[in-house]
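K.L.:
Sharing a structure, written as structure tokens. Questions coming.
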Amino acid sequence: MPDTTEQSGPQEPGLDEQIAAYQREFRDLDPQVEQVVSALGRLNRRMNVAYGRQLAALGISNAEWEVLKTLVLAGSPYRLGPGELAKRLGLTPAAMTHRIDRMAGEGLVTRDRDENNRVRVIVELTDEGRTKWLEAMRMATDFEEDLLQDLTADERGGLGDMLIRLLRRVEHAQPDAGGRLTDLD
């Protein structure tokens, strides 16, 4: 029987091995800082892969998820203009139009003229789009609860507080870093 624990392709070095290599090449490195940042980076990558797999199982892309999420965050009745959607997602208007076209074709959103201003277009979440969003949230919640299962409530709270402090520092230093540098499509 083959060993199913082995993965194909080159293996990423362990964190200790990576930090040792960095220290060998860059003596000014603080290993504690590098351990935190490298662990956060690896955790982020692996979580993104897991979320991507969940979305794929629902038949939606990460790019489509971002639109669904943005419409939900806008609040009921889950409507925004394409320009506002593009701005909130850090996309070009052309990329947003392409994404909306695809999602309207899949029944996730509708695109109609604003009744009060016939020049303005409104993008609205459909029942199907909301159902996909809810199912993605259920899957993500299960994954996240499993991820944090070994932490006590106090540890979760403390970790959350620490990560928010780090996030605020980055947001202060890089206020324009919230948008996309490239489109997700």
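K.L.:
Does the range 108-117 contain any residue that is touching a Ser or Thr at 6+ places or on another chain (Cβ under 7 Å), at pLDDT 95 or above and either crowded, with 19+ Cβ neighbours inside 10 Å or closer than 20 Å to residue 140 by Cα (or both)? Before the answer, list the steps.
P.N.:
Applying the first criterion (touching a Ser or Thr at 6+ places or on another chain (Cβ under 7 Å)) to the range 108-117 yields 108-110.
With at pLDDT 95 or above added as a condition, the list becomes 108-110.
Then drop every residue that is not either crowded, with 19+ Cβ neighbours inside 10 Å or closer than 20 Å to residue 140 by Cα (or both), which leaves 108-109.
For the range 108-117, residues touching a Ser or Thr at 6+ places or on another chain (Cβ under 7 Å), at pLDDT 95 or above and either crowded, with 19+ Cβ neighbours inside 10 Å or closer than 20 Å to residue 140 by Cα (or both): present.
K.L.:
State all residues of the range 122-162 that are touching a residue at least 40 places away in the same chain (Cβ under 8 Å) and either in contact with a strand residue (DSSP E or B) (Cβ under 7 Å, 6 or more places away or on another chain) or open to solvent by 60 Å² or more (accessible area, probe 1.4 Å) (or both); if no residue qualifies, say none. Don't jump to the end; show me each part of the working.
P.N.:
Taking the range 122-162 as the starting set, the residues that turn out to be touching a residue at least 40 places away in the same chain (Cβ under 8 Å) are 122-125, 129-130, 132-133, 135-136, 139-140, 143, 147.
Those that are touching a residue at least 40 places away in the same chain (Cβ under 8 Å) and either in contact with a strand residue (DSSP E or B) (Cβ under 7 Å, 6 or more places away or on another chain) or open to solvent by 60 Å² or more (accessible area, probe 1.4 Å) (or both): 122, 123, 124, 125, 129, 130, 135, 147.
K.L.:
Between a residue in the range 96-121 that is within 27 Å of residue 55 (Cα to Cα) and polar (S, T, N, Q) and any residue that is assigned to a strand (DSSP E or B) and open to solvent by less than 70 Å² (accessible area, probe 1.4 Å), which pairs come within a Cβ distance under 6 Å, given they are 6 or more apart or on different chains?
P.N.:
Partner pairs satisfying both residue conditions: 110/124.
The values are calculated or read from the model by the stated rules, or taken from the named source; none is laboratory data. Keep in mind the model is a prediction, meaning the values are calculated, not measured. Neighbour counts run over all protein chains shown; Cβ positions are idealised from the backbone, glycine included. Just so you know, the surface numbers come from the protein's heavy atoms only, side chains and all, with ligands and any DNA or RNA stripped out. Shrake-Rupley method; radii C 1.70, N 1.55, O 1.52, S 1.80 Å.
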